[in-house]
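Worksheet for the structure shown next.
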Amino acid sequence: MKRNCIVAAIAAVALPSAWLLAQQAAHDTHANLYPPADIVWKDGPASLPKGAKFAVLEGDPGKEGMFVMRVRVPDGFHIPAHTHPKPERVTVIQGTFKLAMDQNMKRETAHALPAGTYGVWPPGMIHAVWTEGETIVQFHGMGPWVINYVNPADDPRNAKK
């Protein structure tokens, strides 16, 4: 009898707790979907040359933690030589992303990364970018996302207003 009372007491506590956890999980699980037509593009970020548009899909690239953002730039867009303090992870969604690395900063010898390409490069690697066609690139990683131009005069944030 005593054993049955203990089992009943445990069930009385455990079952409602399990039900509450299941209800909480049911309310917290939903999908965030971003069809291309629904993505809201904004000017900037200020760290990129004029003409860039971006859309943050997840997280906040300016803060600690995971983020996903897309950058859309016009044909012929150029980002001068720069580095990042964290690994950079990119997926080319549209267009061609031309990547020049280290000491070879020439457009003619840059690696052409067509749509569908995924790339990752280490923190501190000097690189420059040119685009062919309107290009959309998805950046994903751990924030904050920071860009440091090799030549401070290339940094749009330093431009006279």
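Values for this structure:
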read-out: Alpha-carbon Debye profile of segment 36-158, log10 I(q)/I(0) at 0.13, 0.15, 0.16, 0.21 Å⁻¹; value: -0.46, -0.63, -0.73, -1.39
read-out: Under 17 Å from the Cα of Lys98 - aspartates and glutamates, other chains or at least 8 residues apart; value: Asp75, Glu88, Glu108, Glu132, Glu134
read-out: Residue exposure sequence - Arg107, Arg70 - by fewest surrounding Cβ within 10 Å; value: Arg107, Arg70
read-out: Cut-off 15 Å, label 7 Å out along Cα→Cβ of Met142, residues of segment 65-100 by amide N; value: 65-68, 85-89
read-out: Ranked list, fewest to most other Cβ atoms within 10 Å of each Cβ, for Val120, Val90, Val150; value: Val120, Val150, Val90
read-out: Spacing of the two label points (7 Å from each Cα toward its C-beta) at Lys86 and Tyr118, in nm; value: 1.8
read-out: Model label zone, Asn151; criterion: amide N under 20 Å from point 7 Å along Cα-to-beta-carbon; scope segment 73-112; value: 76-84, 98-111
read-out: Neighbour-count order for Glu108, Glu134, fewest beta carbons within 10 angstrom listed first; value: Glu108, Glu134
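Each reported figure results from applying straightforward, stated rules to the coordinates on display, with no laboratory input. Source: prediction; values computed, not measured. Because the Cβ atoms are built from the backbone with ideal geometry, glycine has one as well, and the counts that use them run over all protein chains shown.
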